[in-house]
Amino acid sequence: EAKSAAEWRKNKSAADAMSISFPVNGWYAPDGSLFKPNTTVTVISPTLGIKKGFTFLITRVELKYSSGGNSSVLELKPPTMYKTGVISEPWLE
């Protein structure tokens with residue numbers, strides 16, 4: 001049990017360290033649904049070095065409203081840690 005707990009904690013800490021705050025225009029995903037936690041989004045961003053696209057888990061959403069238009073800030077993490085315990089890095093894919 002202790003070894004499993006330590007491994008999970010190590011992976012969670014690494015995934016937390018790999019969080020990305022990603023600003024987007026609007027409040028809605030490409031499929032028309034409102035951005036929400038515990039869903040996924042595929043990011044293609046040459047600026048971040050993610051040229052082929054990588055699917056992230058949305059862990060937090062901040063919806064912003066202003067006279068200039070609606071926007072969101074998505075907190076993104078690699079989802080594989082939560083599925084398999086192995087962290088996939090978007091920059092290596």
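The values are calculated or read from the model by the stated rules, or taken from the named source; none is laboratory data. Just so we're clear, the structure is a prediction, and the values are computed from it rather than from any experiment. Cβ coordinates were reconstructed from backbone atoms using ideal geometry, including for glycine residues, and neighbour counts include every protein chain displayed. Only protein heavy atoms, including side chains, enter the accessible area calculation; ligands, DNA and RNA are left aside. Shrake-Rupley method; radii C 1.70, N 1.55, O 1.52, S 1.80 Å.
Relative to the dominant Cα principal axis of the chain, helix 2-17 is inclined by about 30°.
Relative contact order (percent) for the chain, with alpha-carbon contacts under 8 angstrom and 6 or more residues of separation? Write out the running numbers ahead of the final one.
Numbers: 148 pairs, mean separation 28.9, N = 93.
Relative contact order here is 31 percent.
In order along segment 43-56, phi translates into HN-Hα couplings of 10, 10, 8, x, 4, 8, x, 10, 8, 8, x, 8, 8, 9 Hz, rounded to whole numbers, per the Karplus curve 6.51 cos²θ - 1.76 cosθ + 1.60 with θ = phi - 60° and x for Gly and Pro. THR40 exposes around 80 Å² of accessible area when a 1.4 Å probe is run over every protein chain in place.
Which is the longest part of the chain that has none of the chymotrypsin sites (Phe, Trp or Tyr not before Pro) sitting in a DSSP loop with at most 13 other Cβ atoms within 10 Å? Let's see the in-between values first.
Working: sites that count: TYR65, TRP91.
Answer - 1-64.
Shown for the chain: lysine pairs separated by 8 or more places, or found on different chains, whose C-alpha atoms are under 21 Å apart, numbering 13.
Keeping the other protein chains in place, figure out the carbon and sulfur percent of the accessible area of the chain, with a 1.4 Å probe. In the chain, the share of accessible area belonging to carbon and sulfur is 54 percent.
Once all protein chains are placed together, LYS36 keeps about 110 Å² accessible to a 1.4 angstrom probe. Rg ratio for the chain: its Cα radius of gyration over 2.2 N^0.38 Å, N being its residue count, equals 1.20. Averaged per residue, the chain has 67 square angstrom of accessible surface, using a 1.4 angstrom probe with ligands and nucleic acids left out.
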